[in-house]
Amino acid sequence: MQIFKNLYAYRELLKTNIKKDIRGRYKGSFLGVLWSFINPLLQVVVYWIVFPYLMGRGADGENYLIYLITGLIPWTFFLTTVSSGTTVIKSNAGIIKKVYFPREILPISTVASGLVNFFISCIIIVLFLLGSGVGVSITIIQVPVIALVEAALALGIVFILSALDAYVQDVENIVQFILNMMLYGSPIIYHLNQFSSAGLLYKLISLNPMTILINSFRDAFMYHQWINWGPLGIVALVSLILIVAGYAIFRKLEKGFAEKL
């Protein structure tokens, strides 16, 4: 495929762009890369303080802090990757107009840097698992596979959204609204079984790919279980289809990037 040829031919540019994205995220910050730990940690603390009071016992009497961490950090990976990926073409308008390079490097490097940042954030999860007494087990070896599936899902989405955003300004606002809704449409701060009697709503949440991914992360991290590869395999297949379709849309629309930006 052309995409693999381009990535190989411009592999040094891809590496440079990934490093730039990781470093640029906290450029000029006194704490630097430590914000990779602090940001998700602060989010977890806020939810941990607020939501148990709003939702009773939260995660059915389980260690709600661990339940939050194992859901919120994977969700933050998806949120930040899709958010930044949507605007990646527009934010690189200057170089796109001046220099030729395969434009797909921009969304791919955004997802790749997000994946690296996620693996750094996983250190927080492990520390809390150890500190809370939940501990870790051999099932944690599944985490990189789940993360790659999530990255593939994000990449397919980012291919489409970044290309559309170069043409339609409203895409950014629509994406932010949908992502905000997805936070509550995924079992991050609540248990899915709390909606077992909700009929259609329960089914919609169950079919949400992020539900399957977050449950898989919790199985590997928190419950020390081998994940259900059936649903995860379906998400992986959907992600692959999205990448193929998204890349086709991206290549079709990239011809007008320089003119529209």
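Can you tell me the 0 to 90 degree angle between the C-alpha axis of helix 170-184 and the longest principal axis of the chain, rounded to 10?
20 degrees
Tell me, what HN-Hα J-couplings in whole Hz come from the Karplus equation 6.51 cos²θ - 1.76 cosθ + 1.60 at θ = phi - 60° for each residue of the range 153-160, using x for Gly and Pro?
Ordered by residue, 3J(HN,Hα) equals 4, 5, 5, x, 5, 5, 3, 5 Hz.
Residue by residue through the range 88-99, what is 3J(HN,Hα) from phi via Karplus (6.51 cos²θ - 1.76 cosθ + 1.60, θ = phi - 60°)? Round to whole Hz and write x for glycine and proline.
5, 5, 5, 6, 10, 4, x, 6, 5, 6, 9, 10
How much FRET efficiency would the formula 1/(1 + (r/R0)^6) give for residue 193 and residue 237, where r is the Cβ-Cβ distance and R0 is 30 Å, rounded to 0.05?
After rounding, the FRET efficiency stands at 0.70.
Which distance in nm do the two modelled labels at residue 203 and residue 13 give, with both placed 7 Å along the Cα-to-Cβ direction?
Rounded to a tenth, the inter-label distance reads 4.7 nm.
In square angstrom, rounded to the nearest 10, how much accessible surface does residue 77 have for a 1.4 Å probe?
Its accessible surface works out to 10 Å², give or take rounding.
Which residues' amide hydrogens lie under 5 Å from the amide hydrogen of residue 227, considering only partners 5 or more residues apart or on another chain, with H built in the peptide plane?
Result for residue 227 returns nothing.
What's the angle, to the nearest 10 degrees (0 to 90), between helix 11-24's Cα axis and the longest principal axis of the chain?
That works out to roughly 50 degrees.
Each residue of the range 74-80 in turn: what ³J(HN,Hα) in whole Hz from Karplus with 6.51, -1.76, 1.60 and θ = phi - 60°, glycine and Pro shown as x?
With the stated coefficients, the range 74-80 comes to x, 5, 4, 4, 5, 4, 5 Hz.
State the percentage of accessible surface on the range 110-261 attributable to carbon and sulfur atoms; use a 1.4 Å probe and exclude ligands, DNA and RNA.
71 percent
Which lysines have a Cα less than 29 Å from the Cα of residue 20, not counting those fewer than 8 places away in the same chain?
5, 90, 97, 98, 252, 255, 260
The values are calculated or read from the model by the stated rules, or taken from the named source; none is laboratory data. A quick note: this is a predicted structure, and the numbers were derived from the prediction, not measured. No Cβ is skipped: glycine too gets one built from the backbone with ideal geometry, and neighbour counts run over all protein chains shown. Just the protein is used for accessible areas: all its heavy atoms, side chains included, with ligands, DNA and RNA removed. Shrake-Rupley method; radii C 1.70, N 1.55, O 1.52, S 1.80 Å.
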